[in-house]
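To keep things clear, I will list the structure first and then write my remarks on it.
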Amino acid sequence: MKKSALFKLTVLHTNDIHGNIDSLPQYSTVVNEIRKKEKNVLLLDSGDIFLRGEYQSFSGMVERDIFCAMGYDAWVPGNNDFRVPLGDGTAEKSNRQLADIINNAAFEPVCANVTYKSTEKYMDGFNPYFIKNINGVKIGIIGVTSLKPKERNWEEVSDKYFERGDIAVEKIAAELKNKCDIMVVLSHCGINVDINIAETDGISAVFGADDHYALKRPIRIKNHSGHEIPIVQSGGEERHYLGRLDLYFEHKNGKYILNGYTSGFCDISETNADENILKIIDSYAETQSIIVA
């Protein structure tokens, strides 16, 4: 198939929702509208989806169901997604919690920097990257997460080894460069590590998290080849947003070269809620009220 000389990729992204799901029905409406207008769209989340939210006792199942209904493409777990609510977490409970979140999920769970100590294999159900074919262009999505669980000696990750995110990305990017046309990174590592990730040759954008920064304008980093790479984040907790990053590529000498981008947050101030997402939230609210009663 002949490659188009120009390619526009629209990436919608969230991070650090932490169970603050009131705006997700509006996000869903906006996502559906953008998908009708744009040809090449990704929807990504960079982790910390449920802990500290109203429905945290469901351990991410509410957010999982919403993400599936909205058609998210990929998700990387944040440090808090390893935590078991109510403070009685063990490695076994954390593994079961993650397994429940990704079981039959319509999105791809990606994480390249966490492995089991006993086997040195990636977590069950997780791959280091996901390649999505969009109209003949192969997009590689690499996932990496925070070192906080390891640094804080959380019991939930006592069976796991955490590698620094930028080191993992460098290795995976070298493996991926001949398998896909464009590479982006879903990172819950924080800006300091994301800067190193953006410098990695072949990476076109970093969708960050953990700091809860609301970056209307991306941080711009020049990689080792001299190309300017955007790092974006869209807030966190009560102040999270639906971010949008449009990436413009030119196909030259057999490669897709990033030659421009635009970034911002989607305005939901006058957006109607998606009734399908409201129904999901209402069903969990009813279940929770029965349990509490």
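The values are calculated or read from the model by the stated rules, or taken from the named source; none is laboratory data. For clarity, every value in this text was computed on a predicted model and none was experimentally measured. Remember, those area values only see protein heavy atoms, side chains included, never the ligands or the DNA or RNA. Shrake-Rupley method; radii C 1.70, N 1.55, O 1.52, S 1.80 Å.
If you take every DSSP beta bridge whose two residues both sit in the chain, what share of them, in percent to the nearest 5, is antiparallel? List each step's numbers first, then the result.
Values: 35 of 57 bridges.
Of all bridge pairs located within the chain, approximately 60 percent are antiparallel.
Considering the chain as a Gaussian network with a 10 Å cut-off on Cα pairs, which listed residue, 54, 151, 228, attains the greatest mean-square fluctuation?
151
Report relative contact order for segment 118-216 in percent, whole number only (criteria: Cα-Cα under 8 Å, sequence separation at least 6).
On the way: 146 pairs, mean separation 25.9, N = 99.
Relative contact order for segment 118-216 comes out at 26 percent.
Taking the chain as a Gaussian network, where each spring joins two C-alpha atoms under 10 Å apart, which residue of 73, 124, 201 fluctuates the most?
In the Gaussian network model the winner is 124.
Springs between alpha-carbon pairs under 10 angstrom, Gaussian network model over the chain: which of 103, 253, 79 fluctuates most?
Of 103, 253, 79, the most mobile in the Gaussian network model is 253.
Which percent of the accessible heavy-atom area of the chain goes to carbon and sulfur, probe 1.4 angstrom? Walk me through the intermediate numbers first.
Details: 6090 of 13420 Å².
After summing per-atom areas, the C and S share lands at 45 percent.
Run lengths n ≥ 4 of DSSP H only: what is the helix-derived mean residue ellipticity at 222 nm for the chain, with -39500 (n - 2.57) per run over all residues, to the nearest 500?
So the helix-based figure for the chain works out to -8000 deg cm²/dmol.
With every protein chain present, what is the per residue accessible area of segment 175-221 (1.4 Å probe, Å²)? Walk me through the numbers on the way to the answer.
Details: 1940 Å² over 47 residues.
Per-residue accessible area for segment 175-221 comes out at 41 Å².
State in Å² the accessible area per residue of segment 1-110; use a 1.4 Å probe, count heavy atoms of protein chains only, and round to the nearest integer. Mind showing how you got there, number by number?
On the way: 4200 Å² over 110 residues.
Here the per-residue accessible area is 38 Å².
So for segment 185-240: antiparallel DSSP bridges make up what percent, rounded to the nearest 5?
Numbers: 7 of 11 bridges.
Expressed as a percentage, antiparallel bridges in segment 185-240 total about 65.
Scan (i) 19.2; (ii) 25.8; (iii) 27.4 for the value of Kirkwood radius over Cα pairs in Å calculated from this model and give just the label.
Calculated Kirkwood radius over Cα pairs in Å: the matching label is (i).
If amide H atoms are built 1.01 Å from N in the plane of the peptide, which residues on other chains or at least 5 residues away come under 5 Å of the amide H of residue 131?
141
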